[in-house]
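To start, the structure itself, in C-alpha coordinates.
The values are calculated or read from the model by the stated rules, or taken from the named source; none is laboratory data. Note that the structure is predicted; figures quoted are calculated from it, not measured. All Cβ positions, even for glycine, are placed from backbone atoms using ideal geometry, and neighbour counts span all protein chains on display. With ligands, DNA and RNA removed, areas are computed over all heavy atoms of the protein, side chains included. Shrake-Rupley method; radii C 1.70, N 1.55, O 1.52, S 1.80 Å.
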Amino acid sequence: MSLSHLRKELKNHRNSEQAKILQRFFKTGKGEYGEGDIFYGIKVPVTRKIAKRFVDLSFNDLKILLASEVHEERLAAGLIMVEKFNKANEKEREKIYRFYLTNRKGINNWDLVDLTAPKIIGTYLLNRDKKNLFDLAKSNNLWDRRIAIISTLPFIRKNQFDETLNISRLLLKDKHDLIHKSVGWMLREIGKINGDVETEFLLKHYKEMPRTMLRYAIEKFPERKRKQFLEGTI
(Lines give C-alpha, C1' and ligand atoms only; values in the text may rest on other atoms or scores of the structure.)
Protein backbone atom coordinates (compact mmCIF):
# COMPACT_ATOMS: atom_id res chain seq x y z
CA MET A 1 0.00 0.00 0.00
CA SER A 2 1.94 2.98 -1.30
CA LEU A 3 1.63 6.74 -1.01
CA SER A 4 0.24 6.90 -4.53
CA HIS A 5 -2.43 4.34 -3.60
CA LEU A 6 -3.46 6.41 -0.57
CA ARG A 7 -3.71 9.56 -2.62
CA LYS A 8 -5.72 7.77 -5.29
CA GLU A 9 -8.12 6.40 -2.71
CA LEU A 10 -8.67 9.81 -1.14
CA LYS A 11 -9.35 11.29 -4.59
CA ASN A 12 -11.88 8.54 -5.27
CA HIS A 13 -13.87 9.71 -2.24
CA ARG A 14 -14.04 13.37 -3.28
CA ASN A 15 -17.34 15.15 -2.80
CA SER A 16 -17.40 18.61 -4.37
CA GLU A 17 -20.50 19.81 -2.53
CA GLN A 18 -19.14 18.70 0.84
CA ALA A 19 -15.80 20.32 -0.05
CA LYS A 20 -17.49 23.70 -0.51
CA ILE A 21 -19.13 23.38 2.92
CA LEU A 22 -15.85 22.40 4.60
CA GLN A 23 -13.91 25.22 2.96
CA ARG A 24 -16.34 27.69 4.47
CA PHE A 25 -16.47 25.89 7.84
CA PHE A 26 -12.69 25.78 8.17
CA LYS A 27 -12.24 29.44 7.18
CA THR A 28 -10.16 29.05 4.02
CA GLY A 29 -10.81 32.54 2.67
CA LYS A 30 -8.18 35.25 2.28
CA GLY A 31 -6.91 36.41 5.66
CA GLU A 32 -8.68 33.61 7.54
CA TYR A 33 -6.89 31.02 9.64
CA GLY A 34 -7.24 28.27 7.00
CA GLU A 35 -6.44 30.47 4.01
CA GLY A 36 -5.70 28.44 0.89
CA ASP A 37 -6.52 25.05 2.37
CA ILE A 38 -7.96 22.70 -0.24
CA PHE A 39 -10.61 20.13 0.68
CA TYR A 40 -11.72 16.98 -1.07
CA GLY A 41 -14.90 16.95 1.00
CA ILE A 42 -14.27 13.64 2.78
CA LYS A 43 -15.77 13.11 6.22
CA VAL A 44 -13.40 12.24 9.06
CA PRO A 45 -14.66 8.65 9.65
CA VAL A 46 -13.99 7.86 5.99
CA THR A 47 -10.50 9.39 6.11
CA ARG A 48 -9.79 7.47 9.31
CA LYS A 49 -10.92 4.20 7.75
CA ILE A 50 -8.63 4.77 4.77
CA ALA A 51 -5.72 5.81 6.99
CA LYS A 52 -5.87 2.58 9.00
CA ARG A 53 -5.10 0.62 5.86
CA PHE A 54 -1.93 2.63 5.24
CA VAL A 55 -0.37 2.48 8.71
CA ASP A 56 2.86 1.08 7.25
CA LEU A 57 3.62 4.17 5.18
CA SER A 58 7.16 5.42 5.75
CA PHE A 59 8.01 8.60 7.61
CA ASN A 60 9.22 10.05 4.31
CA ASP A 61 5.77 9.44 2.83
CA LEU A 62 4.12 11.00 5.88
CA LYS A 63 6.37 14.04 5.54
CA ILE A 64 5.19 14.44 1.94
CA LEU A 65 1.55 14.17 3.02
CA LEU A 66 2.03 16.72 5.81
CA ALA A 67 3.35 19.20 3.24
CA SER A 68 0.29 18.72 1.02
CA GLU A 69 -2.07 21.58 0.24
CA VAL A 70 -4.95 19.07 0.51
CA HIS A 71 -6.48 19.02 3.99
CA GLU A 72 -7.51 15.36 3.93
CA GLU A 73 -3.99 14.27 2.94
CA ARG A 74 -2.55 16.04 5.97
CA LEU A 75 -5.33 14.62 8.13
CA ALA A 76 -4.61 11.12 6.84
CA ALA A 77 -0.94 11.58 7.76
CA GLY A 78 -1.91 12.63 11.27
CA LEU A 79 -4.30 9.71 11.72
CA ILE A 80 -1.65 7.29 10.43
CA MET A 81 0.78 8.69 13.00
CA VAL A 82 -1.80 8.06 15.72
CA GLU A 83 -2.22 4.46 14.54
CA LYS A 84 1.54 3.96 14.46
CA PHE A 85 1.88 5.47 17.94
CA ASN A 86 -0.83 3.23 19.39
CA LYS A 87 1.00 0.13 18.17
CA ALA A 88 4.52 1.30 18.97
CA ASN A 89 6.97 0.44 21.75
CA GLU A 90 8.55 3.22 23.81
CA LYS A 91 11.50 3.76 21.46
CA GLU A 92 9.22 3.97 18.43
CA ARG A 93 6.84 6.31 20.28
CA GLU A 94 9.69 8.70 20.92
CA LYS A 95 10.51 8.70 17.21
CA ILE A 96 6.87 9.45 16.30
CA TYR A 97 6.69 12.18 18.93
CA ARG A 98 9.82 13.88 17.59
CA PHE A 99 8.68 13.46 13.99
CA TYR A 100 5.37 15.10 14.88
CA LEU A 101 7.06 18.12 16.46
CA THR A 102 9.53 18.49 13.60
CA ASN A 103 6.78 18.35 10.97
CA ARG A 104 3.99 20.08 12.87
CA LYS A 105 3.84 22.87 10.27
CA GLY A 106 1.41 20.55 8.48
CA ILE A 107 -0.78 20.25 11.58
CA ASN A 108 -2.35 23.58 10.78
CA ASN A 109 -6.07 23.49 11.42
CA TRP A 110 -8.03 22.85 14.57
CA ASP A 111 -9.32 19.41 13.57
CA LEU A 112 -5.80 18.26 12.70
CA VAL A 113 -4.59 19.38 16.12
CA ASP A 114 -7.52 18.00 18.09
CA LEU A 115 -7.47 14.57 16.45
CA THR A 116 -3.74 14.02 16.88
CA ALA A 117 -2.02 16.16 19.51
CA PRO A 118 -3.61 14.60 22.64
CA LYS A 119 -3.06 11.08 21.35
CA ILE A 120 0.59 11.59 20.43
CA ILE A 121 2.06 14.62 22.20
CA GLY A 122 -0.09 14.43 25.31
CA THR A 123 0.14 10.67 25.74
CA TYR A 124 3.91 10.64 25.20
CA LEU A 125 4.49 13.41 27.73
CA LEU A 126 2.12 12.01 30.34
CA ASN A 127 4.92 10.90 32.66
CA ARG A 128 7.70 13.03 31.16
CA ASP A 129 8.97 16.58 31.33
CA LYS A 130 6.38 19.01 29.95
CA LYS A 131 8.73 21.88 29.00
CA ASN A 132 8.02 21.52 25.28
CA LEU A 133 4.35 22.24 25.89
CA PHE A 134 5.15 25.53 27.61
CA ASP A 135 7.48 26.48 24.75
CA LEU A 136 4.63 25.78 22.30
CA ALA A 137 2.21 27.79 24.44
CA LYS A 138 4.50 30.82 24.11
CA SER A 139 4.80 30.48 20.33
CA ASN A 140 3.58 33.13 17.92
CA ASN A 141 2.04 30.33 15.85
CA LEU A 142 -1.66 29.74 16.51
CA TRP A 143 -1.46 25.99 15.97
CA ASP A 144 1.52 25.59 18.30
CA ARG A 145 -0.51 27.24 21.05
CA ARG A 146 -3.51 25.04 20.35
CA ILE A 147 -1.31 21.93 20.37
CA ALA A 148 0.02 23.02 23.77
CA ILE A 149 -3.35 23.29 25.51
CA ILE A 150 -5.15 20.43 23.74
CA SER A 151 -2.25 18.06 24.44
CA THR A 152 -3.03 18.33 28.16
CA LEU A 153 -6.25 16.33 27.74
CA PRO A 154 -4.61 12.98 28.68
CA PHE A 155 -3.20 14.64 31.83
CA ILE A 156 -6.67 15.79 32.85
CA ARG A 157 -8.00 12.27 32.44
CA LYS A 158 -5.31 11.10 34.86
CA ASN A 159 -6.29 13.76 37.41
CA GLN A 160 -3.20 15.81 36.59
CA PHE A 161 -4.45 19.38 36.27
CA ASP A 162 -1.38 21.58 36.87
CA GLU A 163 -0.16 21.75 33.26
CA THR A 164 -3.62 22.58 31.93
CA LEU A 165 -4.09 25.33 34.51
CA ASN A 166 -0.62 26.80 34.01
CA ILE A 167 -0.89 26.81 30.23
CA SER A 168 -4.37 28.30 30.54
CA ARG A 169 -2.85 31.17 32.52
CA LEU A 170 -0.32 31.76 29.77
CA LEU A 171 -3.13 31.91 27.21
CA LEU A 172 -5.63 34.02 29.15
CA LYS A 173 -4.84 37.13 27.09
CA ASP A 174 -4.54 35.32 23.76
CA LYS A 175 -6.18 37.20 20.90
CA HIS A 176 -7.46 34.25 18.86
CA ASP A 177 -10.94 32.81 19.16
CA LEU A 178 -9.65 29.27 18.55
CA ILE A 179 -7.45 29.53 21.63
CA HIS A 180 -10.31 30.96 23.68
CA LYS A 181 -12.40 27.93 22.74
CA SER A 182 -9.65 25.38 23.37
CA VAL A 183 -8.73 26.75 26.80
CA GLY A 184 -12.39 26.92 27.81
CA TRP A 185 -12.86 23.35 26.60
CA MET A 186 -9.92 22.03 28.66
CA LEU A 187 -11.12 23.88 31.75
CA ARG A 188 -14.54 22.30 31.24
CA GLU A 189 -12.87 18.88 31.01
CA ILE A 190 -11.21 19.53 34.37
CA GLY A 191 -14.63 20.44 35.76
CA LYS A 192 -16.07 17.11 34.68
CA ILE A 193 -13.57 15.40 36.97
CA ASN A 194 -13.11 17.98 39.71
CA GLY A 195 -15.52 20.88 39.71
CA ASP A 196 -13.83 22.54 42.68
CA VAL A 197 -10.51 22.85 40.83
CA GLU A 198 -12.17 24.46 37.81
CA THR A 199 -14.27 26.78 39.94
CA GLU A 200 -11.26 27.90 41.97
CA PHE A 201 -9.39 28.76 38.76
CA LEU A 202 -12.36 30.61 37.32
CA LEU A 203 -12.94 32.64 40.47
CA LYS A 204 -9.39 33.96 40.16
CA HIS A 205 -9.45 34.63 36.42
CA TYR A 206 -12.96 34.84 34.97
CA LYS A 207 -13.04 38.63 34.92
CA GLU A 208 -9.92 38.82 32.75
CA MET A 209 -10.55 35.92 30.41
CA PRO A 210 -12.23 36.39 27.02
CA ARG A 211 -15.99 35.89 27.01
CA THR A 212 -15.83 32.90 24.65
CA MET A 213 -13.30 31.17 26.90
CA LEU A 214 -15.55 31.68 29.90
CA ARG A 215 -18.66 30.49 28.08
CA TYR A 216 -16.93 27.28 27.00
CA ALA A 217 -15.57 26.70 30.51
CA ILE A 218 -18.92 27.07 32.29
CA GLU A 219 -21.08 25.36 29.68
CA LYS A 220 -21.97 22.46 32.01
CA PHE A 221 -22.49 24.54 35.14
CA PRO A 222 -25.97 24.77 36.72
CA GLU A 223 -27.88 27.64 35.16
CA ARG A 224 -27.75 29.83 38.28
CA LYS A 225 -24.00 29.46 38.71
CA ARG A 226 -23.39 29.97 35.01
CA LYS A 227 -25.43 33.19 35.06
CA GLN A 228 -23.51 34.48 38.08
CA PHE A 229 -20.20 34.04 36.27
CA LEU A 230 -21.51 35.72 33.12
CA GLU A 231 -22.94 38.64 35.09
CA GLY A 232 -19.94 38.93 37.41
CA THR A 233 -22.02 38.41 40.54
CA ILE A 234 -20.44 35.16 41.74
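Do we find a residue being of a type in the set (Val, Ile, Thr), open to solvent by 40 Å² or more (accessible area, probe 1.4 Å) and assigned to a helix (DSSP H, G or I) anywhere in the range 190-197? Yes - at least one qualifying residue is present in the range 190-197.
Only one of the numbered conditions (1) outside any helix (DSSP H, G or I); (2) more than 13 Å from the chain's Cα centre (by Cα); (3) closer than 26 Å to Lys43 by Cα is not met by Phe99, and that is (1).
Only one entry in Glu69, Glu94, Glu35 is in contact with a strand residue (DSSP E or B) (Cβ under 7 Å, 6 or more places away or on another chain), surrounded by fewer than 21 Cβ atoms within 10 Å (Cβ to Cβ) and charged (D, E, K, R), namely Glu69. Report yes if some residue within the range 11-26 is modelled with pLDDT of 95 or more, closer than 20 Å to Gly106 by Cα, basic (Lys, Arg) and open to solvent by 60 Å² or more (accessible area, probe 1.4 Å); otherwise report no. Yes, because at least one residue in the range 11-26 is modelled with pLDDT of 95 or more, closer than 20 Å to Gly106 by Cα, basic (Lys, Arg) and open to solvent by 60 Å² or more (accessible area, probe 1.4 Å). Note on the range 109-153: enclosed helices (runs of 4 or more DSSP H) holding 1 or more residues that are open to solvent by less than 10 Å² (accessible area, probe 1.4 Å) and either basic (Lys, Arg) or closer than 23 Å to Pro45 by Cβ (or both) are 110-117, 142-150. So which residues in the range 38-54 are open to solvent by 20 Å² or more (accessible area, probe 1.4 Å), part of a loop (DSSP other than H, G, I, E, B) and out of contact with any strand residue (DSSP E or B) (no Cβ under 9 Å at 6 or more places or on another chain)? Lys43, Arg53 - these are the residues of the range 38-54 that are open to solvent by 20 Å² or more (accessible area, probe 1.4 Å), part of a loop (DSSP other than H, G, I, E, B) and out of contact with any strand residue (DSSP E or B) (no Cβ under 9 Å at 6 or more places or on another chain).
All of (1) within 17 Å of the chain's Cα centre (by Cα); (2) open to solvent by 10 Å² or more (accessible area, probe 1.4 Å); (3) in contact (Cβ under 8 Å) with a residue 24 or more places away in the chain hold for Lys87 with one exception: (1). Considering every residue within the range 61-78, establish whether at least one is within 16 Å of the chain's Cα centre (by Cα), at pLDDT 95 or above and closer than 17 Å to Trp185 by Cα. No, the range 61-78 has no match at all. With respect to Val183, is the statement that it is over 18 Å from the mean Cα position of the chain (by Cα), part of a helix (DSSP H, G or I) and surrounded by 14 or more Cβ atoms within 10 Å (Cβ to Cβ) true? Answer is no for this residue.
Filtering the range 167-208 to residues that are more than 24 Å from Gly122 (Cα to Cα) and of a type in the set (Phe, Trp, Tyr) leaves only Tyr206. Listed by first and then second residue, the pairs with beta-carbon distance under 6 Å, at least 6 apart or on different chains, first residue in the range 149-178 and farther than 13 Å from Thr212 by Cβ, second assigned to a loop (DSSP other than H, G, I, E, B) and not charged (D, E, K, R), are Pro154/Leu126; Glu163/Thr152; Thr164/Thr152.
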